[in-house]
Structures are given as C-alpha cells and as structure tokens.
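Remarks on the structure that follows.
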Amino acid sequence: MTVFAIVDCNNFYVSCERVFNPALNGKPVIVLSNNDGCAVARSNEVKKLGIGMGSPVFKQKDTIEKHGIHVFSSNYALYGDMSRRVVQVLSEFSQDLEVYSIDESFLDISRVRPDRRTAFGRTLMATVKKFTGIPVSVGMARTKTLSKIAVRLAKKSAKADGVLDLTDPRHHDRALELTPVDDVWGVGWRYAKFLKVYGIANARQLRDADRTFIRKKMGVNGTRLIDELKGVSCYPLDRNPSQKKNITVSRSFGHAVTNLDGLREAVTSYAARGAEKLRREKLTAGLVTVFIMTDRFKPESFYYNTKTLRLAAPTSNSPEIIGAALAGLAEILRPDSLYKKAGIYLTELGPASMVQTVLFDPVDRERSARLMASLDAINTAMGKNTLTYASAGLSPSRPWHGMFNHRSPAWTTRWDQLPRVK
Amino acid sequence: MARKGKTLSGIWKAGEEHLQVAAQVGRPIFFSRVQAGFPSPADDYVEGRLDLNAHLVRHPAATFFVRVAGDSMINAGIRPDDILVVDRSLDAADRRVVIAVIDGELTVKRLRMQNGRISLMAENPDYPDIEIQPSMAFEIWGVVTHVIHAF
Ligand SMILES: [Mg+2]
C-alpha cells in the first residue's frame, strides 16, 4: 500500500522574506496580495493576533501599527524561485513527487521502512531548512487527505514538532477529532456549514457519517472523501504532470504586426483559448510560455524570443494564464520589429481533479489568494490596471493602496538586487 | 598542471587557493584547481562548452549569490561589490569563509571554532573579531565557495 508524505512549507511567503531578511525572525509579518491588500501569508505571531487569511488589511490598520507588524507586498519572483529550490531538494529524496502548489508537494514514501518514517520526515525537514532556509512540516499517511490532516496537526502539536506519521489507524480517531470539518482537504466553507447543521463538525464525524446521506448531498466526491478518511486511497500521486501533452495555441499573422497593442491582443486571445482547452480537458498548467517571431525570410532583421513563467499554482484560470502570457510578452517584446507569428505553450499539465473538481467550495480562500498574488505579478510587470477587468469586482477602490506598498527585492533572480553582506 | 596561458578573469576560491581560468589561443579553455592532487581526466578532453555555472555551483538548489558591501574581508580577496557564491548545503567548519547572521544582519567573515568558542574574524585589521556569546542571535547562513570579482 502506498504511503504518502506531504511536505508543506510553513507560512511560505513569510518564510521566503525571512531567509533574506533575518531581522524578521520572531517578528510579526504579513504578506499581502498587492491587488486588494488582503493577507495571503501570515507569520505565527500574526496568526495569534487574530488577523485572518484573506482579511483586508486596511481594516487592520490599528492592529498593524500597534504591534509593529511588518507588511510586505507579494514578491512573486522570490517565491517562485524558492519554491523551485524546495522541490529540487525534495526530488533528491524521492523521484515520486507531485508538486501540488507553490508550497506543497506530495511524495510517495512507500519504500521507507515503517520504523524509519519519522526519522525520514525529520531528515526532509532539516535538509530543506538547511539548503533553502525554508521551514517545512511533514505529514505522512495512507491517503492524501489523511496526510493533509497529519501535516496540519504536525504544525500545531508541540510533541509532533513538525513531523507526524499517521499511517497507524489506531491514531486516526483522535487525529480526526482534532480536525474541524472545515479543515478537511476539499471541504469548502459552504459544505462545512452544511455539514455542521447535520452535526458533522469534525473529520471523524465525517468519516463515520452515513454514506448514502453524504452521497446524496455531496455526490461521488463526498464518498471518496469518506474513503480517503478511512485510509482507502482514491487520489493517486500525479507523478509526471509535465510529461503529459502540452497545449499550444499559435498563429501566423496575415500581415506583419507592428502595433504592440495588436500583439498583446493576439497573445491574450491565444492564452484565453489555451485556458479554455485546459478547462475542457480538466487540466491545469504550471508553466506558461509565450513566443514571438518576426519574418523568417528576412534574416537580417530576424528576431525570435520566448519567455516562460511559472504560475503561482497550477491553474486553468483565464486571467492568471493571460496575465502570465502578457507578462512574458512584455519581457521579450522589441518595439521596432515586425512580427509574423506569436503563440503560447502551456506545459506542466496536471489533472484539475484535486485542485478544482474536488473543490466543493467555489470560494476557496487560499486559492483565490494565490490568484490575486499572480495577478499582482502581472500588474507589476505590465503596469497598473493591466488586469483590472479581472480584478475589478474584488476591491475597486483599493483603500489600502499606498499605505503598505512594500515589495522586497528580487533577491535570487536579479543581479542588481542581490542581498548585501558586510 | 593546466596553468598555462594568461588569466582571463579573477575567479578566486575564497580565502584559499585561487582558481584560474587560463586560456590558450586556438586551444580549449582549461579549468583546473591549482591544489588538486591528481590531474583530472576531465581536463584531457573537452565535450561541448565549459559551463561556468556547473563549475561554480555544485548544489543549485542550495546556492545563492550575495553582494559584498564592505571591505572587512579585503585580505581574503573579497572586495566591495564582489559577488560571493554561497552554498548552504555545505557544513561550516573552522577557518571557512561563511555568511553568518548576527542580530538579524547578514555578514561575511571567517569562522573560527576553537576550544568550544565560536568567533567571526574579519580579514582586515581595521575590524574587530566578533566572539559569539550565547546571548547573541547567531546562525550560519551558508558557506562561501567562490568570489567573483570584476576588474
Ligand atoms: Mg504552507
């Protein structure tokens, strides 16, 4: 039987900031989505002050000032690079690895001896911390859903101290009782609210709930959830999303495009079509590549360039994909060239199942937070309001703006912004 | 060993022996460590291009670049505005040049560990050595493996 480990970076964005600014250790820190000023990452010190995930920070102005909370705008370049490093370290431990989000990976650790699992988890934790500076927690269990429960408890329990092996069913009752139903992977707030009405408030009660009832109310995903909580794996590791086919949308222009707006429009429509294809096939993409090309029959002025951007989390969301494509385009665009062809590739394709179809909750806070963070990156790259159409409904007035507008340097991705040492 | 030709640029192994990039007109460029005990068989033939990244960065996931902001390590060949290659995967040992965190700040110094005492030594007589006290917030951030200096 498979044993899963999930490695989850602790307060990931905050931890990234701390690696290069160690003075922030032990201090309260918030990272905002730049677009609407919501907290997308909080240090433990901030969590204790009761500032919620996704809470608009301008409403917390007094708390922030009173406690001297350090507030950062999202630094997408930094988080993406640090995420890549963490995955690289993990892949040295297990090739059977699924990058689930910017700060979480699943590993197949079936081959680790049962009595060595906790030690293995500690080694993972220590190695990632030493190599990258990022603290992680590790949860291990026979299903992905149980491993998520394990990692949540690993963070909370002083005894577990960051690593919890939940493969032994004897520990399940207690662990599941300690897990509010809202915190079960794939149960959104809407279902959580509904379940509580029926007296199902924690994961144990959900596991032991009447199957027919759950099936009727939540469909097949509900019964899968019950199975996963019982230790019967329904969601295998998605090992090689990148080896699946890629999606390409490109076209040659009848007339060379000189007008930059025209090129942006073309790339926007290709990216939108690519995102539609993803959704149709229930896939997500991890990388967006944009390419542009001038007339190949005019070698003296031939220009071809491409740029690949990593999405904050695998997605099929149009604004995210369009935004990434446009941000890439902005980097490679040469204003004086005559373009004959442009296109996008979507790669690192993975199934949308866990991210989207199982998401009962249409308003998943974590995901929408991530969405905002990548929109920010785009607006940063392309200039303000590039994506206002997508974000207009979120917070049109942006009352926080200018209040906490601090992005840390791109410490690891730009020569002119390297950390300085005395 | 392969130390013929003229030096193109100063890529120094921090504090200790330096590496030289030697070039000979019309022949491949060789890299060889001056102190190496054995001639590397890899020096005898060259496939494709030499990759400076592969040479300077042994552990990509754990390697970071930082910029030198002062002259406290000048006598170790680390000058202001140089770029240091820092490998976090290496264990800090006595006499290694390290990036340390002292009271929330990143600093480059030579680590000394003697008789159970830890100190950070500058390589410039104008700077005092720092003996680490238990009360100090101290941490080794990474080990410096190379310095890149632009002339
Ligand atoms: Mg996390």
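Read-outs: derived from the displayed coordinates by stated rules, not from any lab. Note that the structure is a prediction, hence the values are computed from the model and not measured. With ideal geometry, Cβ positions are generated from the backbone for all residues, glycine too; neighbour counts draw on all protein chains shown.
Assorted remarks:
- Both radii were evaluated on the Cα set of region A:169-229; the Rg over Rh quotient, with Rh as the Kirkwood radius, amounts to 0.93.
- Contact order, relative form, for region A:183-330: 17 percent (alpha carbon pairs under 8 Å, 6 or more residues apart, mean separation divided by residue count).
- Once the Cα atoms are used to define both axes, helix A:144-156 deviates from the longest principal axis of chain A by about 80 degrees.
- With the simple spin-label model, which puts each label point 7 Å out from Cα in the Cβ direction, the residue A:332 to residue B:91 separation comes to 4.5 nm.
- Rounded, prolate or oblate (a/c below 1.5 giving rounded, otherwise prolate when a/b exceeds b/c) for region A:4-165 by Cα gyration tensor: prolate
- For A:38, A:16, A:234, order by how many other beta-carbon atoms lie within 10 Å, fewest first: A:234, A:38, A:16
- Going from the fewest other Cβ atoms within 10 Å to the most, the residues A:79, A:303 appear in the order A:303, A:79.
- Summary value for chain A: 19 percent relative contact order, contacts being C-alpha pairs under 8 angstrom separated by 6+ residues.
- For the pair region A:19-78 / region A:156-229, the C-alpha centres are spaced 30 Å from each other.
- Dipole magnitude (debye, nearest 20) for region A:42-120, charges at Cβ of Lys, Arg, Asp, Glu: 300 debye
- GNM on chain A, alpha-carbon springs under 10 angstrom: the most fluctuating residue among A:168, A:336, A:103 is A:336.
- Using 0.36 nm per residue and subtracting the Cα-Cα separation, the extra length available between residue A:161 and residue A:273 on full extension is 35.7 nm.
- Degrees, to the nearest 10: A:318-332 long Cα axis against longest axis of chain A: 50 degrees
- Note on residue B:124 and residue A:223: the model spin-label points, each 7 Å out from Cα along the C-beta direction, lie 7.2 nm apart.
- Förster radius 25 Å - calculated FRET efficiency between residue B:52 and residue A:308 (Cβ-Cβ, nearest 0.05): 0.65
- Simple Cβ-charge dipole of region A:4-165, Lys/Arg +1 and Asp/Glu -1, about Cα centre, in debye nearest 20: 500 debye
- Chain A: angle of helix A:260-280 to the longest principal axis, Cα-based, in degrees nearest 10: 30 degrees
- Among the listed pairs A:307/A:341; A:27/A:130; A:144/A:230, those whose Cα-Cα separation exceeds 18 Å are A:27/A:130.
- Of all beta bridges that DSSP places with both ends in region A:29-96, some 50 percent have antiparallel geometry.
- Using only Cα coordinates, the Kirkwood hydrodynamic radius of chain A works out to 22.8 Å.
- Relative contact order, percent, region A:82-223 [alpha-carbon distance under 8 Å, six or more residues apart]: 14 percent
- Zone residues, region A:253-287, relative to residue A:301, backbone N less than 18 Å from point 7 Å out along Cα-to-Cβ: A:253-263
- Across A:193/A:216; A:298/A:340; A:155/A:282, pairs whose alpha-carbon gap is larger than 21 Å: A:155/A:282
- Counted by neighbouring Cβ atoms within 10 Å, the residues A:218, A:53 run from fewest to most as A:53, A:218.
- Convex hull (Cα only) mean projected area of region B:60-148, reported in nm² to one decimal: 5.7 nm²
- Dipole size of region A:87-207 about its Cα centre, with +1 on Lys/Arg Cβ and -1 on Asp/Glu Cβ: approximately 340 debye, rounded to the nearest 20.
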